[in-house]
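K.L.:
Got a structure here, written out as structure tokens. Questions coming.
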Amino acid sequence: MYDFNKNQPELSSSDVDWAEFEKDYNSRLHYESMIARLESLVIRLKNAKTLHDYDNYQAALTEYWFTAFKAGTASPGFGVKQL
């Protein structure tokens with residue numbers, strides 16, 4: 001519809017305020033662009049969070065196995081920690 005109005009205005013309805021239509025259209029494009037940037041930012045933030053989650057998980061596994069090893073050697077305090 002917008003393209004027809006731009007390219008063949010004689011085919012457009014005179015009941016439409018085309019200047020207002022164009023302002024709304026351009027505003028919509030601007031918002032769409034902002035939304036796309038924000039969605040991209042959210043994806044990057046989630047990816048960064050996932051990397052930190054993975055690092056924490058690996059550290060937790062290391063701590064778990066260390067505690068299990070120390071508890072197996074009867075080191076003081078590790079038996080309680082393992083529970």
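K.L.:
If you average the alpha carbon positions of the stretch 1-21 and of the stretch 40-83, how far apart do those two centres end up, in angstrom?
P.N.:
63 Å
K.L.:
Say R0 is 41 Å: what FRET efficiency, to the nearest 0.05, do residue 55 and residue 78 get from their beta-carbon distance?
P.N.:
0.95
K.L.:
Sticking with this one: Between 50, 62, 73, find the one with the highest GNM mean-square fluctuation for the chain; connect C-alpha pairs within less than 10 Å.
P.N.:
Checking each option, the largest mean-square fluctuation is seen for 73.
K.L.:
Can you pull the one-decimal nm distance between simple spin-label points at residue 42 and residue 16, each 7 Å off the Cα toward Cβ?
P.N.:
3.1 nm
K.L.:
Sticking with this one: So what is the accessible area of the stretch 1-71 per residue, in Å², with the probe set to 1.4 Å?
P.N.:
Values: 6290 Å² over 71 residues.
I get 89 Å² per residue for the stretch 1-71.
K.L.:
Among all the lysines, which ones have a C-alpha under 27 Å from residue 23's C-alpha, if same-chain residues fewer than 8 places away are not counted?
P.N.:
List returned: 6.
K.L.:
I've got another one for you. Mean-square fluctuation check for the chain, GNM, Cα pairs under 10 Å: which of 24, 53, 15 is largest?
P.N.:
Of 24, 53, 15, the most mobile in the Gaussian network model is 15.
K.L.:
Separate question: So which aspartates and glutamates can residue 81 reach, going by Cα to Cα under 17 Å and dropping same-chain residues fewer than 8 places off?
P.N.:
63
K.L.:
Given the options 12, 27, 40, state which has the largest fluctuation in a GNM of the chain using a 10 Å cut-off (strictly under) for Cα springs.
P.N.:
In this elastic network of the chain, the residue with the biggest mean-square fluctuation among 12, 27, 40 is 12.
The values are calculated or read from the model by the stated rules, or taken from the named source; none is laboratory data. Owing to the predicted nature of the structure, the values given are computational and were not obtained by experimental measurement. Virtual Cβ from ideal backbone geometry, glycine too; neighbours counted across all protein chains shown. The accessibility values were calculated without ligands, DNA or RNA, using every heavy atom of the protein model including side chains. Shrake-Rupley method; radii C 1.70, N 1.55, O 1.52, S 1.80 Å.
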